[in-house]
1. In the stretch 20-66, which residues are in contact (Cβ under 8 Å) with a residue 40 or more places away in the chain and on the phi > 0 side of the Ramachandran plot?
2. Identify the residue in the stretch 59-108 that is among the polar types (S, T, N, Q), surrounded by 11 or more Cβ atoms within 10 Å (Cβ to Cβ) and not in a loop (DSSP other than H, G, I, E, B) and, among all such residues, is modelled with the lowest pLDDT.
3. I'm trying to understand the selection: among the residues of the stretch 13-35, which are at pLDDT 90 or above and assigned to a helix (DSSP H, G or I)?
4. Provide a single number: the residues in the stretch 42-58 that are in contact with a Pro (Cβ under 8 Å, 6 or more places away or on another chain) and surrounded by 16 or more Cβ atoms within 10 Å (Cβ to Cβ).
Amino acid sequence: MDRNDFYGRIKKLAEASDKSFNQIEKELGYSRNALSNYKGKTMPSAIRLLELSEYFDVTPRYLMGLDEIYFKEKSEDSLTEFIFENLNKKQKLEMCSLSQGWLVHEMK
């Protein structure tokens with residue numbers, strides 16, 4: 001796990017939730033500057049990783065920088081959109097062709 005990835009993701013999630021690190025630390029019962037320490041000094045324990053993933057409603061793998069998908073409960077729409085957005089042009093065309101073939105088959 002890259003320290004900067006972890007810290008950057010925590011910082012991004014805190015900003016998205018309009019909360020300061022101090023506010024989050026207080027809500028979770030952490031000591032002051034506990035989250036800032038992840039900037040380069042320490043890495044979270046497994047327990048802390050799980051607590052933070054629950055707090056922000058993201059997967060631990062996302063916090064660790066192993067996944068770009070951050071939502072815990074992926075709706076079919078959001079997962080489909082995420083997958084399609086991450087295909088290259090050739091793959092998107094192939095996906096459209098496969099979908100069209102499937103639709104024609106289903107209409108019969």
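The values are calculated or read from the model by the stated rules, or taken from the named source; none is laboratory data. Owing to the predicted nature of the structure, the values given are computational and were not obtained by experimental measurement. Glycine also receives a Cβ, built like all others from the backbone with ideal geometry; neighbour counts cover every protein chain displayed.
1. Result: 65, single match.
2. The selected residue is 78.
3. If the condition is that a residue be at pLDDT 90 or above and assigned to a helix (DSSP H, G or I), then 13, 14, 15, 21, 22, 23, 24, 25, 26, 27, 28 are the ones that fit.
4. 3
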